[in-house]
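**Q** I am attaching a structure below and will ask some questions about it afterwards.
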Amino acid sequence: MATDTQTSRAVAEQFVERLGRQDQDGVQELFAEDIDWHVPGNDQLPWTGRRTHREDVAPYFTTMWPHFVDGKSKVVLERIIVDGGDVMLLGIFTHTVASSGKEFTTPSAMHLVVEDGEIVRMHLYEDTLTVDQAFSID
């Protein structure tokens, strides 16, 4: 079902705001019951891969966040582009890996699809090689 641009922008802004507060439960509330979620990457990183249900969203963050040094992450949101139910969040992620101490920076794009005021799709696009290298032990 189609969603208007204004509704999609409002949902995306709530998503970004809750993500910035590390409110994984609040982020999860924005998703529909059945979702198409994909975060590509090395299978050895436990947060990568596909998720298909709302209740999978919060565990994604609680699994991922401890792998980064608290207070050393920076997300720069450069642009939000909205067309109907499609939302593109363009930005740059910088994190420091807790296990290796390595800092990495990757441009990112996140494609959200909003239907009936809920997020039904989230696909993340980032430099997975850079992420993988940051987690590798030299």
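**Q** Taking L89 and the conditions (1) in contact with a strand residue (DSSP E or B) (Cβ under 8 Å, 6 or more places away or on another chain); (2) more than 28 Å from Q6 (Cβ to Cβ); (3) surrounded by 15 or more Cβ atoms within 10 Å (Cβ to Cβ); (4) in contact (Cβ under 8 Å) with a residue 24 or more places away in the chain, which numbered condition does it fall short on, given that it satisfies the others?
**A** Failed condition: (2).
**Q** Then there is this: Being under 17 Å from the mean Cα position of the chain (by Cα) and either without any contact (Cβ under 8 Å) to a residue 12 or more places away in the chain or farther than 21 Å from F15 by Cβ (or both) is the requirement here; does D56 meet it?
**A** no
**Q** Okay, next question. Does G91 qualify as being more than 23 Å from E17 (Cβ to Cβ) and among the small types (G, A, S)?
**A** It is false that G91 is more than 23 Å from E17 (Cβ to Cβ) and among the small types (G, A, S).
**Q** Another question, then. Consider R54 against the criteria (1) of a type in the set (D, E, K, R); (2) at pLDDT below 95; (3) surrounded by 15 or more Cβ atoms within 10 Å (Cβ to Cβ): it satisfies all of them except one. Which criterion is unmet?
**A** Of (1) of a type in the set (D, E, K, R); (2) at pLDDT below 95; (3) surrounded by 15 or more Cβ atoms within 10 Å (Cβ to Cβ), only one is false for R54: (2).
**Q** Which residue is modelled with the highest pLDDT, if the candidates are limited to region 26-46 and must be surrounded by fewer than 16 Cβ atoms within 10 Å (Cβ to Cβ) and touching a Ser or Thr at 6+ places or on another chain (Cβ under 6 Å)?
**A** Checked region 26-46; the qualifying residue modelled with the highest pLDDT is P40.
**Q** While we're here: Those residues that are crowded, with 16+ Cβ neighbours inside 10 Å and either in contact with a helix residue (DSSP H, G or I) (Cβ under 9 Å, 6 or more places away or on another chain) or without any contact (Cβ under 8 Å) to a residue 40 or more places away in the chain (or both), I need them from region 128-138; list them, please. First the steps, then the outcome.
**A** Looking only at region 128-138, we keep the residues that are crowded, with 16+ Cβ neighbours inside 10 Å, and these are 128, 131, 134-135.
If the condition is that a residue be crowded, with 16+ Cβ neighbours inside 10 Å and either in contact with a helix residue (DSSP H, G or I) (Cβ under 9 Å, 6 or more places away or on another chain) or without any contact (Cβ under 8 Å) to a residue 40 or more places away in the chain (or both), then A134, F135 are the ones that fit.
The values are calculated or read from the model by the stated rules, or taken from the named source; none is laboratory data. Just so it is clear, the model here is predicted, and its values are computed rather than measured. Cβ: placed from backbone, ideal geometry, glycine included. Neighbour counts: every protein chain shown.
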